[in-house]
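Trainee: Could you have a look at this structure, given as structure tokens, before my questions?
The values are calculated or read from the model by the stated rules, or taken from the named source; none is laboratory data. Because the structure is predicted, anything quoted here is derived from the model rather than measured. Cβ placement follows ideal geometry from the backbone for every residue including glycine, while neighbour counts extend to all protein chains displayed. Keep in mind that these areas ignore ligands, DNA and RNA; they rest on the heavy atoms of the full protein, side chains included. Shrake-Rupley method; radii C 1.70, N 1.55, O 1.52, S 1.80 Å.
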Amino acid sequence: MKPEIDFALHQQWIDQAIALAKAAGQVGEIPVGAIVVDHHQQIIATGVNRRERDRNPIAHAEIVAIQAAAQNLKRWQLHDCSLYVTLEPCPMCAGAILQARIKRLVYGAIDPKAGAIHTVLNLPHSPATFHRLEAIAGIRAQACQQLLQDWFQAHRHASD
């Protein structure tokens, strides 16, 4: 029997990730936010896209949050943690999530071009994956998608 999904709790954390994403978008980063929460529902770490600021191709929100969580907990295994992110993780981030042994991933918008959890790839169910990840999609999906669409539209007009 599957555990019941606590939508209100997941929405609360995704709303906080959206706030982080908005702040990242305001400084020129693609607006994606991530939060790592422990089993006591305490924030362990947060992350936003930092590729432009850090000039680092792997500074995705998920990677930033996972690295901070591992440092804060002083361990690389995050098996009792949940990761909340506004956009479905790409293959790199999905791999990092699985390597960190994160228990649960909750995300908002799907990524039809690079989503590696359910959309383009399904890395959590790949035969090459040894860790089983609970993944919940679509929490505040419309708000997350709209944030990205608005940001890209504004940046397309700015570069015209």
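Trainee: With θ set to phi - 60° and the Karplus curve 6.51 cos²θ - 1.76 cosθ + 1.60, what are the ³J(HN,Hα) couplings of segment 58-73 in order, to the nearest whole Hz, using x for Gly and Pro?
Mentor: So the Karplus estimates, Gly and Pro as x, are 9, 7, 6, 3, 5, 5, 4, 5, 5, 4, 5, 5, 4, 5, 5, 8 Hz.
Trainee: Given [x] 39, 18, 15; [y] 29, 17, 14; [z] 24, 17, 16, which label gives semi-axes √(5λ) of the Cα gyration tensor in Å as computed from the coordinates?
Mentor: Derived directly from the coordinates: [z].
Trainee: Using only Cα atoms, find the angle between the long axis of helix 7-26 and the longest principal axis of the chain, and express it within 0 to 90 degrees, rounded to the nearest 10.
Mentor: Once rounded, one gets 40 degrees.
Trainee: For residue 121 and residue 52 in the same chain, what is the full-extension length gain: residue separation times 0.36 nm, less their Cα-Cα distance, in nm?
Mentor: Stretched fully, the residue 121-residue 52 segment lengthens by 22.2 nm.
Trainee: Any idea what the dipole of the chain comes to, in debye rounded to 20, about its Cα centre with Lys/Arg Cβ at +1 and Asp/Glu Cβ at -1?
Mentor: Around 360 debye, computed over the chain.
Trainee: If packing is taken as the mean number of other Cβ atoms within 10 Å per residue, what is the order of 143-155, 6-18, highest first?
Mentor: With the highest mean Cβ count within 10 Å placed first, the list reads 6-18, 143-155.
Trainee: Ignoring ligands, DNA and RNA, how do 157, 60, 118 rank by accessible area with a 1.4 Å probe, largest first?
Mentor: Per-residue accessible area, sorted high to low, gives 157, 118, 60.
Trainee: Along the charge dipole of segment 23-122, which of 58, 84, 99 sits closest to the positive end, that is, farthest toward it, with unit charges on the beta carbon of Lys, Arg, Asp and Glu (+1, +1, -1, -1)?
Mentor: 99
Trainee: HN-Hα J couplings of segment 44-52 from phi, Karplus 6.51/-1.76/1.60, θ = phi - 60°, integer Hz, Gly and Pro as x?
Mentor: Whole-Hz 3J(HN,Hα) from phi for segment 44-52: 9, 6, 10, x, 9, 4, 9, 4, 5.
Trainee: Any idea which of 122, 13, 31 is furthest toward the positive side of the dipole for the chain, if Lys and Arg beta-carbons carry +1 and Asp and Glu beta-carbons -1?
Mentor: 122
Trainee: Please list, ordered by chain and number, the residues whose modelled amide H lies under 5 Å from the amide H of residue 33; skip anything fewer than 5 residues away on the same chain.
Mentor: Residues meeting the amide H criterion: 21, 86, 87.
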